[in-house]
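Pasting in a structure now, in structure tokens, and then I'll have a few things to ask.
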Amino acid sequence: MIVSVVNTKGGVGKTTSSLFIANEFALRGKPVTFVDLDKQGSATSWADKASDRGTPLPFRVEVSNTKRLGRWSESLDPDSVLVIDTPPGDSAIIDAAIDAADFAVIPTQPSAADTERVWETLPSLPKSTVYGVLVTGATLHTKLLTTTLAAFDEEDISRFDTVVRFRQVYRQSFGHRPPHDSTYSDVIDEIVSAL
């Protein structure tokens, strides 16, 4: 299974979501490879810092590029999971990651500026792509969240029922092995169910 995490906007939780998704798959006993396509290398830095602290991630993080995505796809064992983290604003990389994906996760925060970029990302998805918009950094039971979810529903946009609420653990996890997270475990359940 290949899961690509994409959005044309930065700062919406792509790398954090990618790493927590990969971690939850690994905790379920799946062999996971994480492909970092972002030139900023945030996921790679996260993995290096975790390893330096003596708590390495339970999967390998590979720096790669679009030319190697085909190789990753071809060499993937049927029981394995490949998670691809993408940069913001690079349409060629985003398109290649979407083309390789069995499932595309589109993280966004519940603000007009962030959700506007979701509408810009959606046209990149071929009609056959299975995807879900994942709302991250949300404060539950707020008008902003309710309005955001309603906007996606009104346009019949595929979205996760799971909402990733704002929690310090996500911000503090950089450079550490992520703990088990029931929210991202629910995200995994929704991905598996959709496929």
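Given the condition at pLDDT 85 or above, crowded, with 20+ Cβ neighbours inside 10 Å and either touching a strand residue (DSSP E or B) at 6+ places or on another chain (Cβ under 8 Å) or not small (Gly, Ala, Ser) (or both), answer yes or no: does some residue in segment 65-78 qualify?
No, that holds for no residue.
Next question, about the same structure. Taking segment 12-47 as the search range and keeping residues that are assigned to a loop (DSSP other than H, G, I, E, B) and in contact (Cβ under 8 Å) with a residue 60 or more places away in the chain, which one is nearest to the chain's Cα centre (by Cα)?
Of everything passing the filter in segment 12-47, Gly13 is nearest to the chain's Cα centre (by Cα).
Now for a separate question. Cβ-Cβ below 6 Å, separation at least six or inter-chain, first residue in segment 165-180 and under 12 Å from Arg53 (Cα atoms), second assigned to a loop (DSSP other than H, G, I, E, B) and of a type outside the set (Val, Ile, Thr): which pairs?
Arg177/Leu57
Hey, which of the helices (runs of 4 or more DSSP H) in segment 50-125, taking only ones fully inside, have at least 2 residues that are within 26 Å of Leu195 (Cα to Cα) and out of contact with any helix residue (DSSP H, G or I) (no Cβ under 9 Å at 6 or more places or on another chain)?
On the way: elements: 66-74, 91-100, 112-121.
Passing ranges, in order: 66-74, 112-121.
Do you know which residues across segment 16-63 are of a type in the set (A, V, I, L, M), surrounded by fewer than 18 Cβ atoms within 10 Å (Cβ to Cβ) and in contact with an Asp or Glu (Cβ under 8 Å, 6 or more places away or on another chain)?
Val63
Then there is this: So, in segment 150-164, exactly how many residues are free of Cβ contacts under 8 Å to residues at least 24 places away in the same chain and aliphatic (A, V, I, L, M)?
Matching residues across segment 150-164 total 1.
Need pairs with beta-carbon distance below 7 Å; first residue over 14 Å from Pro126 (Cα atoms) and without any contact (Cβ under 8 Å) to a residue 12 or more places away in the chain and within segment 80-97, second among the hydroxyl-bearing types (Ser, Thr, Tyr) and in a loop (DSSP other than H, G, I, E, B); sequence gap 6+ or separate chains.
Qualifying pairs under 7 Å: none.
Could you say whether any residue in segment 96-107 is within 22 Å of Gly175 (Cα to Cα) and either surrounded by 15 or more Cβ atoms within 10 Å (Cβ to Cβ) or modelled with pLDDT of 90 or more (or both)? Break it down into steps so the answer makes sense when it comes.
Looking only at segment 96-107, we keep the residues that are within 22 Å of Gly175 (Cα to Cα), and these are 107.
Now drop any that are not either surrounded by 15 or more Cβ atoms within 10 Å (Cβ to Cβ) or modelled with pLDDT of 90 or more (or both), which leaves 107.
Yes: one or more hits.
The values are calculated or read from the model by the stated rules, or taken from the named source; none is laboratory data. A quick note: this is a predicted structure, and the numbers were derived from the prediction, not measured. Virtual Cβ from ideal backbone geometry, glycine too; neighbours counted across all protein chains shown.
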